[in-house]
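First the structure, in the form of structure tokens, and then the observations on it.
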Amino acid sequence: MRNDLPLRGYVRAIVQHQLHLPGVVLAILLLCQPTTLHAQSSSAAPVPSPPPATPQPAPTSAPASAQAPAPASIPAGTDATSTTQPGNSAPPPVPTPQPQADTPAPPPAPVVDMSLVHSVITTALEFLGPRTLEPHSSRDFTLWGLGCLSALDPTLTFDSRGASIQLLAGPQPLLSRPAPPADSTEEWARLATDFLEAARAHSAAVRSAGRDDLLQAFFDELFNHLDPYSRYIGPSSASTDREARTGGEADAGITLAQSGRYVVVSAINANGPAWTSEIDTGDRIIAVNNQLTAGQSAATVTDWLRGPEDSALILRLLSPGRRRAHTVTLRRTKVPPETVFAFASGPIVVLKITAFSSDTAEEMSQYLDQATQDKNLRGLIIDLRGNRGGVLQQAVTAAALLLDHGVAAVTSGRDPQSNHIWAVQGGDMTNGLPIAVLVDGRTASAAEILAAALADHRRAVVIGSETLGKGLVQTVAQLPDEGELFVTWSRVIAPLHWPLQGLGVMPQICTSLGEADTNHALHMLATGKLANQAAITASRAARYPLTVPSILAIRKACPAALGNDRDVSVARELINHPAWYKTATTAIPDDVASVPQVSAAP
């Protein structure tokens with residue numbers, strides 16, 4: 001499906017009580033967990049420390065690596081040319097030992113710019129301090145991070161019980177520094193850098209780690225003490241993640257494929273400049289900027305499409321069934337990957353949303369605009385199965401496309417900038433069309449926010465299994481090494497005031513208990529009752545904080561599972577039976593009058 005109309009201007013998300021975030025901050029939901037390194041606890045007895053050394057500026061390179069041991073000297077043997085004269089009884093000659101090959105020198109240690117390491121740690125400590133869900137000091141963050149040294153080299157330990165912090169190699173002190181004030185970010189960053197440098201000078205294991213590996217180990221140990229979603233992403237992976245959110249190298253937003261001798265357009269990205277142009281799938285690419293494509297591969301021509309952002313791109317194309325080629329001129333742009341895919345199934349349209357990137361709501365709007373032009377359209381299925389989340393604001397804007405007004409979610413944390421009441425108003429693009437939302441055990445974060453918002457406002461029926469239950473929001477900082485820091489800074493509360501974290505979204509119609517139970521649920525709907533009513537009521541009555549047993553007691557009513565084809569058939573039956581649909585939507589309890597006031601205190 002394609003549509004040339006832009007995002008409707010009358011649909012907008014209004015954020016109440018929202019403060020402007022710093023340029024380096026982006027509120028975002030993500031679920032990846034870091035690979036952890038487990039530091040060994042320091043159990044060495046206190047060792048008298050030498051006088052504290054005067055802190056020195058961090059050098060721009062690592063200390064010289066230890067030299068390889070010199071090859072062992074070759075002992076002198078009996079002269080191999082000696083022979084026994086006839087008639088002599090001299091002993092037989094002793095062979096001379098052969099010279100041994102030189103011991104190969106170890107590879108040189110990676111050069112590490114310790115001044116950059118210091119800058120990254122300083123920036124991270126400044127960013128973490130006011131934003132973590134629970135308060136921690138720069139001392140806590142630093143000592144947690146320095147646990148990476150014990151993980152890299154188990155002979156290295158710390159003693160932080162006195163007025164000084166000591167780095168020990170077995171019982172031998174390597175470095176001692178007076179403990180700075182707990183919240184002195186700069187001093188703790190300097191202490192961390194000094195200790196990392198001292199460990200590199202002493203330990204071959206630490207010295208073998210490059211800058212990226214050293215910082216990754218430091219932050220992995222630090223975040224082992226926080227929630228499972230806060231993490232550090234190194235420069236290479238961070239660049240890939242940014243491209244996934246905002247688009248990579250500028251191009252035309254089309255996908256090419258080989259068709260015999262020709263290169264043809266196989267797909268057009270709804271976010272790209274080609275979407276509104278006279279380019280269609282199946283068109284043969286004849287030339288790119290007057291460069292003929294004859295004899296070239298699809299990969300080569302794809303490279304030709306890339307270039308500087310906003311640069312001109314002239315394509316010569318031949319459409320199937322036509323004798324004359326036509327020319328299209330575009331401006332290259334960075335094109336985020338498509339996240340919304342539309343399928344028509346009779347009078348029902350299915351929108352598969354795979355993630356929430358920076359353009360997801362725009363894509364969704366385009367498909368909705370086209371779908372609603374069909375006067376025979378009876379309903380909409382939004383498939384969020386396997387959707388791991390993404391940009392929170394996009395989930396709120398997507399909800400705004402389907403809600404006339406109301407609160408989509410509430411976020412709350414220690415930092416005032418993390419506290420928002422995400423309210424929407426404008427207009428439902430479908431004019432009240434029945435909506436079924438498919439979820440499963442992999443549906444997470446931003447996808448859960450959208451499902452919860454539509455269900456709580458009785459705007460959709462959720463079908464499937466319990467979702468993952470990720471109701472924590474991460475904010476992102478870009479670091480001086482071009483890596484990124486994802487820090488959990490707020491909790492998500494659904495419109496009916498229940499917490500998403502741990503609990504997840506309870507579907508009105510559960511399909512994870514097997515076909516017999518699903519058929520029973522549909523039979524109950526036909527009689528005007530909801531089989532899952534007790535679990536729906538319990539989940540909406542839940543309030544933060546929840547104990548693990550109470551969460552498990554609610555979730556067991558519809559265990560998390562992978563989605564299956566049965567989900568789609570149930571959604572179709574629901575849309576085709578308006579009475580069933582009404583029973584499922586009205587099973588959601590009424591909203592209360594006041595907006596929830598959420599405390600971030602643990």
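Would you confirm whether or not the stretch 492-500 contains a residue that is within 16 Å of the chain's Cα centre (by Cα), open to solvent by less than 10 Å² (accessible area, probe 1.4 Å) and either closer than 30 Å to residue 572 by Cα or not aliphatic (A, V, I, L, M) (or both)? Working first, answer last.
Going through the stretch 492-500, the residues within 16 Å of the chain's Cα centre (by Cα) turn out to be none.
No, because not a single residue in the stretch 492-500 is within 16 Å of the chain's Cα centre (by Cα), open to solvent by less than 10 Å² (accessible area, probe 1.4 Å) and either closer than 30 Å to residue 572 by Cα or not aliphatic (A, V, I, L, M) (or both).
Can you spot a residue in the stretch 122-144 that is at pLDDT below 90 and either under 19 Å from residue 222 (Cα atoms) or open to solvent by 80 Å² or more (accessible area, probe 1.4 Å) (or both)? Steps first, please.
Applying the first criterion (at pLDDT below 90) to the stretch 122-144 yields none.
Within the stretch 122-144 (the criterion being at pLDDT below 90 and either under 19 Å from residue 222 (Cα atoms) or open to solvent by 80 Å² or more (accessible area, probe 1.4 Å) (or both)), the answer is no, since none of the residues qualifies.
Show me the strands (runs of 3 or more DSSP E) found entirely inside the stretch 292-356 where at least 1 residues are under 27 Å from the mean Cα position of the chain (by Cα). Before you say what the answer is, go through the steps one by one.
On the way: elements: 312-318, 326-331, 340-345, 348-353.
In the stretch 292-356, 340-345, 348-353 are the strands (runs of 3 or more DSSP E) which contain 1 or more residues that are under 27 Å from the mean Cα position of the chain (by Cα).
Given the conditions (1) of a type outside the set (Ser, Thr, Tyr); (2) farther than 14 Å from residue 485 by Cα; (3) open to solvent by less than 30 Å² (accessible area, probe 1.4 Å); (4) modelled with pLDDT of 90 or more, and given that residue 225 satisfies all but one, which numbered condition is not satisfied?
Going through the list (1) of a type outside the set (Ser, Thr, Tyr); (2) farther than 14 Å from residue 485 by Cα; (3) open to solvent by less than 30 Å² (accessible area, probe 1.4 Å); (4) modelled with pLDDT of 90 or more, residue 225 breaks only (3).
Given the conditions (1) open to solvent by 20 Å² or more (accessible area, probe 1.4 Å); (2) over 27 Å from residue 489 (Cα atoms), report the number of the one that residue 150 does not fulfil.
Residue 150 satisfies every listed condition except (1).
Every residue, every condition in (1) over 16 Å from residue 268 (Cβ atoms); (2) modelled with pLDDT of 90 or more; (3) in contact with a strand residue (DSSP E or B) (Cβ under 8 Å, 6 or more places away or on another chain), yes or no:
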| site | (1), (2), (3) |
| --- | --- |
| 326 | no, yes, yes |
| 336 | no, no, no |
| 353 | yes, yes, yes |
| 384 | yes, yes, yes |
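Quick one: is residue 372 closer than 19 Å to residue 568 by Cβ and either open to solvent by 10 Å² or more (accessible area, probe 1.4 Å) or not acidic (Asp, Glu) (or both)?
Details: closer than 19 Å to residue 568 by Cβ: no; either open to solvent by 10 Å² or more (accessible area, probe 1.4 Å) or not acidic (Asp, Glu) (or both): yes.
No.
Which pairs have Cβ atoms under 6 Å, sit 6 or more apart or on different chains, and link a residue in the stretch 132-144 that is over 19 Å from residue 418 (Cα atoms) to one that is open to solvent by 40 Å² or more (accessible area, probe 1.4 Å) and among the acidic types (Asp, Glu)?
Listed by first residue and then by second, the contacts come to 137/183; 138/183.
Where in the stretch 433-490 are there strands (runs of 3 or more DSSP E), lying wholly inside it, with at least 2 residues that are within 16 Å of residue 388 (Cα to Cα)? I'd like the intermediate steps shown before the answer.
Numbers: elements: 435-439, 461-464, 472-478.
Hits in the stretch 433-490: 435-439, 472-478.
Could you list, in sequence order, all residues of the stretch 386-411 that are open to solvent by 10 Å² or more (accessible area, probe 1.4 Å) and polar (S, T, N, Q)?
Of everything in the stretch 386-411, those that are open to solvent by 10 Å² or more (accessible area, probe 1.4 Å) and polar (S, T, N, Q) turn out to be 393, 394, 397.
Inspect all residues belonging to the stretch 188-205 and state whether any of them is modelled with pLDDT under 95, touching an Asp or Glu at 6+ places or on another chain (Cβ under 7 Å) and open to solvent by 60 Å² or more (accessible area, probe 1.4 Å).
no
Filter the stretch 169-187 down to the residues that are crowded, with 16+ Cβ neighbours inside 10 Å and over 27 Å from residue 235 (Cβ atoms) and list them by number.
Applying the first criterion (crowded, with 16+ Cβ neighbours inside 10 Å) to the stretch 169-187 yields 169, 173-177, 179-180, 184-185, 187.
Selection gives 169, 173, 174, 175, 176, 177, 179, 180, 184.
With among the aliphatic types (A, V, I, L, M), farther than 15 Å from residue 148 by Cβ and touching a residue at least 40 places away in the same chain (Cβ under 8 Å) as the only criterion, which of 201, 192 stands out? It would help to see each step written out before you state the result.
Numbers: 192 fails: farther than 15 Å from residue 148 by Cβ.
Of 201, 192, the one residue that is among the aliphatic types (A, V, I, L, M), farther than 15 Å from residue 148 by Cβ and touching a residue at least 40 places away in the same chain (Cβ under 8 Å) is 201.
Say we look at the stretch 516-554 and pick out the residues that are charged (D, E, K, R) and closer than 23 Å to residue 583 by Cβ; which of these is nearest to the chain's Cα centre (by Cα)? It would help to see each step written out before you state the result.
Residues of the stretch 516-554 that are charged (D, E, K, R), as a first pass: 517, 529, 540, 543.
From the residues that got through so far, the ones that are closer than 23 Å to residue 583 by Cβ too are 517, 529, 540.
Values: 517: 35, 529: 40, 540: 28 Å.
Applying the filter and picking the extreme gives 540.
I'd like to know if the stretch 368-376 contains one or more residues that are in a helix (DSSP H, G or I), of a type outside the set (Phe, Trp, Tyr) and closer than 19 Å to residue 504 by Cβ. Spell out the reasoning first.
So the first thing to find is which residues in the stretch 368-376 are in a helix (DSSP H, G or I), and the list is 368-371.
Then drop every residue that is not of a type outside the set (Phe, Trp, Tyr), which leaves 368-371.
If we keep only those that are closer than 19 Å to residue 504 by Cβ as well, we get none.
No, the conditions are met nowhere in the stretch 368-376.
Take the conditions modelled with pLDDT under 95 and over 22 Å from residue 484 (Cα atoms) and apply them to residue 211. Does it pass?
It is false that residue 211 is modelled with pLDDT under 95 and over 22 Å from residue 484 (Cα atoms).
The values are calculated or read from the model by the stated rules, or taken from the named source; none is laboratory data. Remember, predicted model here, so these are calculated numbers, not experimental data. Backbone-built Cβ (ideal geometry, glycine too); neighbour counts: all protein chains shown. The accessibility values were calculated without ligands, DNA or RNA, using every heavy atom of the protein model including side chains. Shrake-Rupley method; radii C 1.70, N 1.55, O 1.52, S 1.80 Å.
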